[in-house]
Amino acid sequence: MQFFRQVLSPLGLFNCPVYRNQDHGRLGDMNAAADELAYDATRGKTAQLIRDFNATTSCEKVTCLYNDVNWWVEGLIENPAELKHLRTDTSADPDYFL
Ligand code: SF4
């Protein structure tokens, strides 16, 4: 979920609500999406963190709010054919936003 949802605060932009204001979750400062140049740098940092972040160790003692949706996204990555079954209307079940 750190690709889709990040936490912006005066302290900076972070990969997850759990890691706000912790250096290992920092994606940028409070201007991380202020303009195209900053946003490009933030996207690069996000991609690097997604590649390097190991939730099985970093989050082993965390109650993850996104556990279900993380596994759902993981299932889509492992089974890309499932992507064609995603619905774009508001009656989709499960609700992709949540
Ligand atoms: S696994 Fe959960 S707690 Fe850990 S970074 Fe991802 S969303 Fe946050």
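Here are a few things to note about the model shown:
- Members of region 54-80 found to be in contact (Cβ under 8 Å) with a residue 60 or more places away in the chain, in a helix (DSSP H, G or I) and near the ligand (Cβ under 10 Å from one of its atoms), listed by number: Val69, Asn70
- Residues of region 80-98 satisfying the condition of being surrounded by fewer than 10 Cβ atoms within 10 Å (Cβ to Cβ) and at pLDDT 90 or above: Pro80, Ala81, Leu83, Lys84
- Check on Ala33, part of a loop (DSSP other than H, G, I, E, B), surrounded by 13 or more Cβ atoms within 10 Å (Cβ to Cβ) and more than 10 Å from the ligand (Cβ to nearest atom): yes
- Meets criteria (at pLDDT 90 or above, on the phi < 0 side of the Ramachandran plot and in a helix (DSSP H, G or I)) for Arg5: no
- Check on Asp40, loosely packed, with under 14 Cβ neighbours inside 10 Å, away from the ligand (no atom under 16 Å from the Cβ) and modelled with pLDDT of 90 or more: yes
- Condition met for Thr42 (over 14 Å from Phe3 (Cα atoms), of a type in the set (Ser, Thr, Tyr) and out of contact with any helix residue (DSSP H, G or I) (no Cβ under 6 Å at 6 or more places or on another chain)): no
The values are calculated or read from the model by the stated rules, or taken from the named source; none is laboratory data. On a predicted model such as this, the values are computed, not experimentally measured, just so you know. With ideal geometry, Cβ positions are generated from the backbone for all residues, glycine too; neighbour counts draw on all protein chains shown.
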